[in-house]
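See below for the structure under consideration.
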């Protein structure tokens, strides 16, 4: 395998994480994240290196925390570089409320969010769309929902891609994917998805925080979810399509999840058009949940809707065409980020105008009971990782081990004792998502800072968590 | 019911099942799939859904079978708890399954929803005959 690598693998991790990765690599290689870094390095048209960031852990084809850049003309697009949850990501919203305002009302707000935001297996959204309306949503993303009254124009200005990926073609998405999605718009999902009421506990970069509209003691909301059933079905459909394509083009992929096709092929173009639909579905989903959150805060606390702002909305399972400087030359590349966000430094045209000075916010989700972070990108990071950053803590324990070690009701009561209220549709899900099942997010953020790829701006602490 | 062996995958959920025949192992794998999502033994077999699928290998057929069941969960609004599968090798590179799944609409209080399955992965996927027992290993993205 090493002999077939076209580029090196580069892993950004602290010593303790690296020791763990090497130990896994010495054992069961099919579940070794380092082996997955090597495998990605064998793909045609890959540029510079197969990268992995400090929240690395094993994924499907790509490791989670994996980044692969491919020449836009000679390279391939890879299903495993996007995954099943297309444009899974985080939306952060700020409010004019302070800790003193929210503390007497956490129970009321949490209960109402739990009631109003559909979450968990089998739940359905309020929006009932026809197939034609869904096609429109796949083309227009969050923008389509705002034009129907589900949010504010300001939301779109502070959303990656302004809430709408170009190049979406609903004809590239199967009817099955669309039918599965018809009742899921505006649903949270389950697993590691969440809606959190948070406090900005610490501002670590006052100038950047001010530019982002964040200050200490401020109440904020984070929404972590993705493209739901539509994205899942696109991922499943195109695993088969791209497997056949890889065979047709004579690509010997080391792992089935690295099924790929030339970017410029019919299969490659259709997959990218479908991924854009999935991305728009995720933007629309977070827009719908954000709008519902705004309604709850307005009705329970009397906050003006316009004062509940979207700070940013960013995905961490995506593939995008971007211009990057490689060996002194500007090149158009297709960047796959799997469990990784964009982390652009100052001055990139993709960032909102209001954030040009510092670059866009990078939203790094914690898990129940742990902090979340807002970071910003660096010029150094543009060169080191094609402007890619971490997305979360990464798991330390398997769900099996976590379910054995933790009891959902105990986790809920322990967190309540620390002032964090949990509303969850699945106590077992809570056990699997217990804070102890995840790596220390502080270490992940410190490692990313030490690597020069991002800088911390603010740390947020959860007050209330809604889980599926 | 044959036991489901849960695997120790760090991020998602994996399971191994054993069957007396290839038909049986497909049925057991379907049960394992739904056991990741609900209390599968609490699901009553009220409504039937039939599917017919083909693929070039048993592994591909397993992915198609399980991913079809995941999709049907949303399309029909049912969770499934009982399964019957008939697997045939039509040609050297073509396998077919005709499968029935029985279930009912999801009820949180009885079915205790767990994880939502996003997709069936090829990572570590196995469908193989060892001695006189069929074995399947599947990892699902949650």
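Bear in mind that the values in this text are calculations on the coordinates, not laboratory data. Here the structure is a predicted model, which means the values were calculated and not measured. Cβ: placed from backbone, ideal geometry, glycine included. Neighbour counts: every protein chain shown.
Summary table below
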| item | result |
| --- | --- |
| Ascending count of other beta-carbon atoms within 10 Å, so fewest first, for A:304, A:401, A:338, A:439 | A:304, A:401, A:439, A:338 |
| Cα-based helix-to-principal-axis angle, A:228-248 vs chain A, degrees rounded to 10 | 0 |
| Residue B:76-residue A:153 FRET efficiency (beta carbon distance; Förster radius 45 Å; 0.05 resolution) | 0.70 |
| Label-zone membership for the stretch B:114-142, site residue B:18, 7 angstrom Cα→C-beta point, backbone N under 16 Å | B:127-138 |
| Between 0 and 90°, nearest 10: helix A:131-147 axis offset from chain A longest Cα axis | 60 |
| Hull-based mean projected area of the stretch B:5-141, where the convex hull spans the alpha carbons, in square nanometres | 7.8 |
| Rough spin-label spacing in nm, given labels placed 7 Å along Cα→Cβ, for residue A:201 and residue A:330 | 4.3 |
| Radius of gyration and maximum dimension Dmax of the stretch A:49-137, Cα, Å | 20.1, 59 |
| Length-normalised contact order of chain A in % [C-alpha pairs under 8 Å, at least 6 apart] | 22 |
| Cα centroid of the stretch A:354-414 to Cα centroid of the stretch A:68-88, whole Å | 22 |
| Virtual spin-label span in nm between residue B:8 and residue B:84, 7 Å along Cα→Cβ | 4.0 |
| Residues A:204, A:272, A:127, sorted so that the one with the fewest Cβ neighbours within 10 Å comes first | A:204, A:127, A:272 |
| Stretchable slack from residue A:298 to residue A:217, in nm (0.36 nm times residue separation minus alpha-carbon distance) | 27.2 nm |
| Whole-angstrom gap from the stretch B:61-88 to the stretch A:231-300, using each part's C-alpha centre | 22 |
| Cβ-based exposure ranking for A:88, A:277, in which fewest neighbours within 10 Å come first | A:88, A:277 |
| Compactness of the stretch A:216-348 - radius of gyration and Dmax, Cα, Å | 19.2, 62 |
| Helix-derived mean residue ellipticity, 222 nm - over the protein assembly as shown, DSSP H n ≥ 4, -39500 (n - 2.57), to 500 | -10500 deg cm²/dmol |
| Approximate spin-label separation residue A:133-residue A:26, in nm, with each point projected 7 Å along Cα-to-Cβ | 5.9 |
| Scattering curve values for chain A, log₁₀ I(q)/I(0), Debye with Cα scatterers, q = 0.07, 0.12, 0.13 Å⁻¹ | -0.31, -1.00, -1.19 |
| Estimated translational D of the stretch A:301-399 in µm²/s (Stokes, Kirkwood radius over Cα pairs; 25 °C; 0.890 mPa s) | 162 |
| The stretch B:5-141: relative contact order in percent, alpha carbon pairs under 8 Å with at least 6 residues between | 34 |
| Among beta bridges that DSSP assigns inside the protein assembly as shown, antiparallel share in %, nearest 5 | 95 |
| Cα-based helix-to-principal-axis angle, A:441-450 vs chain A, degrees rounded to 10 | 50 |
| Linear extension gain, residue A:396 paired with residue A:409, 0.36 nm per residue minus alpha-carbon span | 2.6 nm |
| Förster radius 25 Å - calculated FRET efficiency between residue A:106 and residue A:450, Cβ distance, rounded to 0.05 | 0.10 |
